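Bear in mind these aren't lab numbers, they're just calculated from the coordinates by the rules spelled out. Everything numeric here is computed off the predicted structure, so don't read it as measured data. A quick note on method: Cβ atoms are made from the backbone with ideal geometry, for glycine too, and the neighbour counts reach across all protein chains shown.
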Amino acid sequence: MKRIFLGLGTNLGDREAQIRTAITHLNASNIQVIKLSPVYETEPEGFREQPLFLNAVVEAETELLPIELLSLIKKIESLMKRKVTRKNGPRTIDIDILFYESEVVRLPGLQIPHPRLRERRFVLAPLADLAPDWRDPVTQRTIAELLAALTYCFFCFASSASNAFWRLSI
């Protein structure tokens, strides 16, 4: 089994239900979800005139090859009615392959590690909750180091007055 990390994001419909549904689809396929990060509510990046996102990361195991994993993810996104209307636009679900073991994959339409994960607090924060000491095979820096190195201000909102982020059970 290969250890993988997948980023989940949604800002349309019942966002919590969208994350749960994506995890259900992953578990029903050739992917075994082991852990789910806290769920962060975040401002949109790029195209700003859209609803807030919920973002999370799952740690999972699979026997699928990277290209097979991508194909499965695209099927799940399609099942969940994802439609690409514009770059960084609203979506029912977005599932990104962040890491596949410590492999570096460069194929047309597939880059692992995800090429922009080092720039995205909404990916690095939940990833650091699961695996702060995981090393990016490209930079050899830990997730905690990558998160600490971010200089831009990106807002993550707490889910309640207690300032605790959402925790969904899997």
**OP:** Please work out the ratio of the alpha-carbon Rg of region 2-157 to 2.2 N^0.38 Å and round it to two decimals.
**Re:** 0.97
Subject >> Magnitude of the charge dipole, the chain, Cβ model with Lys/Arg +1 and Asp/Glu -1, debye to 20 >> reply: 440 debye
Subject >> Gyration tensor verdict on region 10-59 (Cα atoms; rounded if a/c is under 1.5, prolate if a/b is larger than b/c, oblate otherwise) >> reply: prolate
**OP:** Mind checking which of 7, 110, 122 is farthest towards the positive end of the chain's charge dipole, using Cβ charges of +1 (Lys, Arg) and -1 (Asp, Glu) about the Cα centre?
**Re:** 110
**OP:** Report the extension gain between residue 85 and residue 142 in nm, rounded to one decimal, defined as 0.36 nm multiplied by the number of residues separating them, less their alpha carbon distance.
**Re:** 17.1 nm
